[in-house]
Structure formats: structure tokens, C-alpha cells
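First the structure, in the form of C-alpha cells, and then the observations on it.
The values are calculated or read from the model by the stated rules, or taken from the named source; none is laboratory data. Everything quoted here is computed from the prediction, not taken from an experiment. Here the Cβ positions follow ideal geometry from the backbone for every residue, glycine too, while neighbour counts run over all protein chains shown.
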Amino acid sequence: MDKIVLRPGRERSVAKRHPWVFSGAVESAPDGIAAGETVEVVSHDGAVLGYGSWSPSSQIRARMLSFDAGTVPDEAFVASRVASAVGRRADFFANAYTNAVRLVNAESDGLPGVVADYYAGWVVCQFTSAGAEFWKRAIASALMKFAPFCRGVAERADAEVRAKEGLAVGGFSVMEGEEPPELVEISEGPCKFLVDVRNGHKTGFYLDQRDARMAVGSLANGAEVLNCFSYTGGFGIFARQCGAASVTQVDVSHDALELAKRNEALAHLCGTKMEYVEEDVFKFLRKCRDGRRQFDMIVLDPPKFAETRSQVMKAARGYKDINLLAMKLLRPNGILATFSCSGAMTDELFSKVLAEAAEDAGRDFQTIAKTRQGADHPVALSFPEGAYLKGVILRAMD
Ligand code: SAH
């Protein structure tokens, strides 16, 4: 096996079980190690720190699979990582609140670059590192074996980050078992959703917002709700099933709204008035302001405004803009559920942006809850980068 040697002092983060070895930390590596190949990672003074997957074209030059000099990763090792990750989700399957669960959450489950989402028996994976790509057959076969009632395992290869790892950006393919239907129906609490596993965002659905949907639902009874950046309706459908008086779903994507309408039709209940608006949220909020339209609850769940740390100040202005507009549209005691999925946007900065928006809106707010990605999207203590999603639920005090 090839051996890579780290520069003096650069063994520290690996010793703390951080899985990333940056290119600048590598003192020497033999030429021509193939992408995804397992390498022995050694400190400057020769101590074996563990084994990682080599990624020649990425700034993250190796991702650690094992931190134990005696454990060399092989197919059985990778399969056991999958089995353990699935095992840690046993409560989700036992309590049956939902049948849509993330089974493998990449670095935080000891499988760098590997995401596997379970949708009612169908598993959809993303492999976004050279190591993940290298082991993907073994991972898919382990998922087929260990995921409960698994009917098939498929891959989505369309994530742009694959290019950074020198991997081909492609489409959808079945790896194990049967071909999933065009739309997979999942259930979550009082709701049902159709998931487009081939063309939807990520692997098809925002599983990471499950806890936030529940928090929003618990406050929605009788409310006139505005759900901004609705995608396929998640928060809005949840608010409806929890007794909202009306729900307005706003998104620029025609296809997302069409699926949101189909999701509404899956549940026959209640007199909630539903409205769908295909428009830019920034424009729509200004129209509401000019037309003096008000709401009891507003959800703001925008896409990532900051991809990198350098974009964070620009992103902060975007977050402030929509939050300020939304704060002005709330009725007295109204609720704002506001989210950021930019990892580069810290909790502190997000809170600061919200405080500035409230000041400019001339209104007082109190925080009544904070949300984060659900328990099936764990964050390893040694890998704080895994925390990206934050939510703040505010109540207007006047
Ligand atoms: N809240 C959703 C996920 C939102 S993903 C859920 O829980 O399922 C972000 C969504 O914002 C996408 O559907 C995208 O089409 C939409 N979007 C991006 N920019 C937008 C804009 N400027 N105005 C309206 N929608 C936008």
C-alpha cells in the first residue's frame, strides 16, 4: 500500500480524528496513486495515523477511513460501517413516524463523501469523494442487505461537487435491486409527500428539515401561513395538516410547485385555503409589503446563499433583506421560522443578521425555538464542518 507522509505538526488534526487531510499538510506522496485508492497516513516522525482514501485532484487530498494502525479498510470494513450507520437509525424504523430517513451521513458516520437516503424502501445515494466512488459497489450492496425492506439502491451522480474530486458528473442509475417508481410516496407524521428521486434536489427531499417541519406545524393552527422557497411544499403541507387557515407557497420553480400541488392532493382533510405563487421571493415579499398584505406565520427556507466563506458577507445581506421584509409582514404575535443551510454562515452571524433585521423593521422579537438538522443527519464531534443547517423560530412581541 502507498504511504503518504504529513508535514511536521500536521498530524495533530488527524490525531484528533478529523477526517480531512488537506493538500498543504502532505509532505510527500508517491507519484501516480490512483483516485480513491487507500493510503497509509504517516506522521513526519513515522507514526502510522491510520488509512485514508486518496483524492489527487481535490484540495482535500485524503479522507480518513480508519484511525487505527491495525485496521486496514477493505470491503468488509466498509460494509460494517454501513451496517452500523443503519443500526443507529433503528429508532426511526421502530417508531414509524416516518419512512424516509438518511441512513448514512458521510464523514459523521465514518464514510466520507457517502450519503444514503431511504425513501419507503428505496435507497438513493450520492458519492461525492474519490474514496466514496472507489467503494461505492460495496456500499450499495451493504445498503441492499442492511436497509430495512430494501427494494433497490440507486445513485444520483449529478452533484456538482463531484467535479472537484475529479469525478464525472452524471445522472441516475440503479445499482442494486429494482428500479424505483418515477415518484416515491413517503409519509412523515400527518403528511404524505411524493419524492422525485431522479430529478429532485439533492436525493429528492429535504429530510434534514423534518424537526423544523414539526416545530412549524405545532405553531400553525388557525394561522395564515406564507411558505417562502417552498420547493415541493414541505412546510406548507405540514402547516395545512396541522390546521392552518391558509397557506401560500412561493417558489420560482414551476416543477417544484406542480409537485407541491400533487402533495396537497395526497391528503384529504381540512378547509385550509391553498395558494401557489410561481415567483421570486424577493419580489413577492416586496409586493406584499406594497399591498399591505399580512400573515400570522412566515417560513423562510432559502437555498444556500454562501457556498464558501468568502461569499458570507454578500450572503448576510441576502438573509437580512428577506428577513427584514418578512418581519414587517407579520401580524402582532406573528411567527417567523427562518433558516440558513449555508455551513459558512455561523450561528452567531445568523443571529446577528436577524437582530439587525429586527432593528431595521422597528419590531421586537423573541426566540421561541431553535432547530437544526435531524438526528439522522448527525454531526461527529470531531467534524464540526458537518453542521450546516440552523433554524430560528421568532415571535413578534407587538
Ligand atoms: N423549504 C423546502 C426546501 C427549500 S430549497 C423544503 O422544506 O422542502 C430552496 C427552494 O428555493 C428551491 O425549491 C428553489 O427553487 C427555490 N428558490 C431559489 N431561489 C429562489 C428565489 N429567489 N425565489 C423563489 N424561490 C427560489
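Structure notes:
- Selection within the range 126-146: residues that are in contact with a Lys or Arg (Cβ under 7 Å, 6 or more places away or on another chain) and in contact (Cβ under 8 Å) with a residue 40 or more places away in the chain. The member of this set that is nearest to C191 (Cα to Cα) is Q126.
- The range 20-41 - residue that is outside any strand (DSSP E or B) and in contact (Cβ under 8 Å) with a residue 24 or more places away in the chain and, of those, nearest to the chain's Cα centre (by Cα): G36
- Residues that are more than 6 Å from the ligand (Cβ to nearest atom), among the aliphatic types (A, V, I, L, M) and in a helix (DSSP H, G or I), drawn from the range 226-262: I237, A239, L257, L259, A260
- Hits in the range 177-197 (condition: in contact with a Lys or Arg (Cβ under 8 Å, 6 or more places away or on another chain), surrounded by fewer than 17 Cβ atoms within 10 Å (Cβ to Cβ) and among the acidic types (D, E)): E178, E182, E185
- Pairing each residue of the range 219-245 that is hydrophobic (A, V, I, L, M, F, W, C) with any residue that is within 9 Å of the ligand (Cβ to nearest atom) and part of a loop (DSSP other than H, G, I, E, B), provided the two are 6+ apart or on different chains, yields C-beta distances under 6 Å for F229/D301; F229/P302.
- Test: S108 is in contact with a Gly (Cβ under 7 Å, 6 or more places away or on another chain), of a type in the set (G, A, S) and over 20 Å from I4 (Cα atoms): yes
- Out of D376, D364, D360, D347, one residue alone is buried (at least 22 other Cβ atoms within 10 Å of the Cβ) and either more than 20 Å from N227 (Cβ to Cβ) or acidic (D, E) (or both). It is D376.
Matching residues to (1) among the acidic types (D, E); (2) under 30 Å from V195 (Cβ atoms); (3) in contact with a helix residue (DSSP H, G or I) (Cβ under 9 Å, 6 or more places away or on another chain); (4) surrounded by 13 or more Cβ atoms within 10 Å (Cβ to Cβ):
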{"site": "L259", "(1), (2), (3), (4)": "no, yes, no, yes"}
{"site": "G271", "(1), (2), (3), (4)": "no, yes, no, no"}
{"site": "R286", "(1), (2), (3), (4)": "no, no, yes, yes"}
{"site": "F295", "(1), (2), (3), (4)": "no, yes, yes, yes"}
{"site": "D301", "(1), (2), (3), (4)": "yes, yes, yes, yes"}
{"site": "A316", "(1), (2), (3), (4)": "no, no, yes, yes"}
{"site": "A326", "(1), (2), (3), (4)": "no, yes, yes, yes"}
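- Verdict on S310 being of a type in the set (S, T, Y), touching a His at 6+ places or on another chain (Cβ under 7 Å) and more than 16 Å from the ligand (Cβ to nearest atom): no
- Taken together, A154, A163 contain a single residue that is closer than 21 Å to T232 by Cβ and not in a loop (DSSP other than H, G, I, E, B), which is A154.
- Residue identified as within 21 Å of F127 (Cβ to Cβ) and of a type in the set (V, I, T) among V26, V42, V82, V48: V82
- First in the range 348-361 and over 14 Å from G318 (Cα atoms) and free of Cβ contacts under 8 Å to residues at least 40 places away in the same chain, second anywhere and in a helix (DSSP H, G or I) and among the basic types (K, R), Cβ under 6 Å, 6 or more apart: A361/K328
- Criterion violated by T338 - all others in (1) of a type outside the set (K, R); (2) modelled with pLDDT under 95; (3) closer than 19 Å to K304 by Cα satisfied: (2)
- Meets criteria (within 27 Å of R12 (Cβ to Cβ), surrounded by 20 or more Cβ atoms within 10 Å (Cβ to Cβ), among the hydroxyl-bearing types (S, T, Y) and in contact with an Asp or Glu (Cβ under 7 Å, 6 or more places away or on another chain)) for S58: yes
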